[in-house]
Amino acid sequence: MTSFLRRTRTLVLAGGLAGLAFVVAGCATGGVESLDIPTPPATTAATLVPPETLPSGLASRVEAPAAGVTTTTAPLVGPGPASVNGTVTGPSGPVAGATVEIDRFVGVAYASARTTTGADGTWAFRNILGGDYRIRAWQAPALDMEEPQTIFLAADQPQSVTLQLQSYADLTVQVALNPPNPVQNQPTNLVVQVLNPSIDSNGVLTTPPVVGAPVLLVNGSGWQVNNGNPRPTDGAGQVTFEVECTATGADPLAAQVAQGAPVSLPVPSCTPAPTTTTAPPTTSSSSTTCPSTPPGNSNPTTTVLNFGQC
């Protein structure tokens, strides 16, 4: 009985109340020593999936941008504490009525302002901002600067700048030769181009061609023209002369357009024609004894032939 109680206690501790019930039932039926209690099946926790709350195809949707305005800060010339002034001069002195433009740069952006020179050629910009400036001047249709001037304008240091203009009133005459180095008594193509430079209202230099103008080659006593002189310019302002230099060395040559003054052409010196030497024909002779009688004849004759042939 004691051992039965020990086994019962063990089963009760191992199986709980259910085990005790089986033990008691077994004891009533008589002689049950132990019971096998099956292990309960394993359980898997359920995974909760939240319901879909986003609309389908969200990744392919294109939403309209929010309303707004993109702003940029443009550079300004003024107002400010700085100032710059000067004089515009030309080939004949101060230029009245010329246009002066200043461009204030901030990075690659810039702002511009213009003024006009007075009767004495003076100009000024006051109450402007300091910084990097480009300054240029012109007077249409014939006066312009070769290159604008650049300055750094300090806020508390006024500056004075003189602007020099160049005249573009005369026709531009250009020349090219082919071949580039003339040879005595050999033909050369000499091309003359006539352009009419002009300055527009924005100070831009243009060079339209002069069409149909007669061009006359003058001076150059050592030059001969083979295809007529004068000749008119074509649609590109060009005229081609076929020339020959008849004397070696430098010989000035000029072109006169219509009734204008002759313009000197920078042509190279005439070089002498290369000398050629003609070598006399080379001949060789040899003496050969050719038998004129059949072999065995005791009296052969000797004949001299060229090139060793009988």
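The values are calculated or read from the model by the stated rules, or taken from the named source; none is laboratory data. Every value quoted in this text rests on a predicted model; they were computed, and no experiment measured them. Backbone-built Cβ (ideal geometry, glycine too); neighbour counts: all protein chains shown. Accessible surface areas use protein heavy atoms only, side chains included; no ligands, DNA or RNA. Shrake-Rupley method; radii C 1.70, N 1.55, O 1.52, S 1.80 Å.
One decimal place: the segment V183-S198 gains 1.7 nm when fully extended, by the rule 0.36 nm per residue minus the C-alpha distance. What residues have an amide H closer than 5 Å to that of Q184, excluding those fewer than 5 places away on the same chain, when H is modeled at 1.01 Å from N in the peptide plane? Hits under the 5 Å cutoff: T271, A273.
Could you check the spin-label model distance between A119 and A254? Points 7 Å from the Cα along Cα→Cβ, value in nm. Label-label distance for A119 and A254, simple model: 4.0 nm. Close amide-amide hydrogen proximity is noted between W223 and T246, each under 5 Å apart and 5 or more residues distant or on a separate chain (H modeled in the peptide plane; Pro and chain starts excluded). Taking 7 Å steps out from each Cα toward its Cβ at R126 and T172 produces label points 4.0 nm apart. Solvent exposure of region 193-277 amounts to 53 Å² per residue of accessible area, where only protein heavy atoms count and the probe is 1.4 Å.
Quick note on region 196-248: its Rg to Rh ratio, both from C-alpha atoms and Rh being the Kirkwood radius, is 1.18.
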